[in-house]
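The values are calculated or read from the model by the stated rules, or taken from the named source; none is laboratory data. These numbers were taken from a predicted model, which means no experiment stands behind them. Positions of Cβ are generated from backbone atoms using ideal geometry, with glycine treated the same way; all protein chains shown enter the neighbour counts.
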Amino acid sequence: MTPEFTILGRGRAGRALAAAWGPRAALVEHGARPEGLVILAVPDRAVAELAPAFPGRCVHLAGSLHLPEVPCAHPLTSFDGEARDWTGTPLATTGAVPDRLMRAFGDLGFLAFDLPAELKPLYHAAAVLTSGHAASLWLGAETLLRARGLVLPGRGLLPLAEATLRNVATLGAAGRTGPFVRRDEATIARDAEALPEPWREIFLTLGRSLD
């Protein structure tokens with residue numbers, strides 16, 4: 001089967017999408033210059049440099065970056081290099097993404113929506129808060145405990161993180177729990193005092209951010 005399009009870039013996003021699309025997509029290195037339709041699955045800083053090599057026939061995946069002449073399709077997920085079930089996952093599109101690629105993403109379960117160029121940085125910042133920053137909080141919390149010799153058994157903090165996501169998915173804002181929701185100032189003060197900076201400031205700022 002001849003590939004319908006090419007994915008340029010062998011990072012986690014490129015590998016995951018290529019695995020999911022199978023023979024529909026060819027996966028090549030950054031330095032390749034394939035013919036036909038090309039998806040630029042490369043770091044943001046490389047998109048502007050590579051796009052001119054594929055005039056009018058490339059799409060990039062960078063959620064924050066806007067290039068007026070290059071359409072974008074940004075899957076709102078965290079890739080790990082493997083094909084996953086992306087049913088119901090938003091796909092932010094800016095510019096005229098070719099119908100062939102829109103169908104290909106749709107076949108993987110992605111749900112496309114139009115993202116205005118001027119809202120891309122805010123959209124991507126929200127994505128970073130949800131993914132990268134949330135992971136930093138979980139990993140940082142574990143590091144704080146380990147630094148004091150406290151190693152949790154089993155899966156550690158992950159069951160708590162998973163239960164929190166499940167509650168928020170089901171209940172929305174009502175799924176948020178803890179001393180800030182209860183306005184338990186004594187507990188908040190005691191917990192904050194136990195934290196070193198900058199974690200203390202993060203703890204208090206995030207806790208009060210939805211008040």
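Miscellaneous remarks
- Screening Glu162 against (1) without any contact (Cβ under 8 Å) to a residue 12 or more places away in the chain; (2) among the acidic types (Asp, Glu); (3) surrounded by 12 or more Cβ atoms within 10 Å (Cβ to Cβ) leaves a single unmet condition, (3).
- Within region 10-26, residues that are small (Gly, Ala, Ser) sit with their Cβ atoms under 6 Å from residues that are in a helix (DSSP H, G or I), at 6+ positions apart or across chains, in these pairs: Ala25/Ala18.
- Condition broken by Gly132, with the remaining ones in (1) farther than 21 Å from Ala16 by Cβ; (2) not assigned by TED's automatic domain parsing to the domain that holds Leu17 satisfied: (1)
- Residues located in region 183-192, provided they are charged (D, E, K, R) and assigned to a helix (DSSP H, G or I): Glu185, Arg190, Asp191
- Condition broken by Pro153, with the remaining ones in (1) closer than 16 Å to Gly207 by Cα; (2) surrounded by fewer than 12 Cβ atoms within 10 Å (Cβ to Cβ); (3) more than 22 Å from the chain's Cα centre (by Cα) satisfied: (1)
- Checking Thr130 against (1) over 23 Å from Pro198 (Cα atoms); (2) surrounded by 10 or more Cβ atoms within 10 Å (Cβ to Cβ); (3) among the hydroxyl-bearing types (Ser, Thr, Tyr), the condition it does not meet: (1)
- A single entry from His60, His30 fulfils the requirement of being assigned by TED's automatic domain parsing to the domain that holds Thr93 and modelled with pLDDT under 95: His30.
- Ile188 being surrounded by 14 or more Cβ atoms within 10 Å (Cβ to Cβ) and either hydroxyl-bearing (Ser, Thr, Tyr) or over 24 Å from Ser78 (Cβ atoms) (or both): yes
- Residue count for region 193-203, restricted to those that are in a helix (DSSP H, G or I) and either closer than 20 Å to Leu139 by Cβ or not assigned by TED's automatic domain parsing to the domain that holds Arg146 (or both): 6.
- Residue, farthest from Ala126 (Cα to Cα), within region 63-74, restricted to residues that are of a type in the set (A, V, I, L, M) and buried (at least 22 other Cβ atoms within 10 Å of the Cβ): Val70
- Candidates Ala173, Ala126, Ala147, Ala117, filtered to the one that is among the small types (Gly, Ala, Ser) and modelled with pLDDT under 95: Ala173
- Any hit, region 60-79, residues being part of a loop (DSSP other than H, G, I, E, B), more than 26 Å from Leu119 (Cβ to Cβ) and without any contact (Cβ under 8 Å) to a residue 40 or more places away in the chain: no
- When restricted to residues that are part of a helix (DSSP H, G or I) and either closer than 19 Å to Asp211 by Cβ or of a type in the set (Asp, Glu) (or both), region 134-182 contains 14.
- Every residue from region 23-36 that is closer than 20 Å to Leu91 by Cα and either buried (at least 18 other Cβ atoms within 10 Å of the Cβ) or of a type outside the set (D, E, K, R) (or both): Ala25
- Checked against the criterion of being closer than 25 Å to Arg200 by Cβ and over 18 Å from the mean Cα position of the chain (by Cα), the candidates Gly178, Gly132, Gly172 yield just one match: Gly178.
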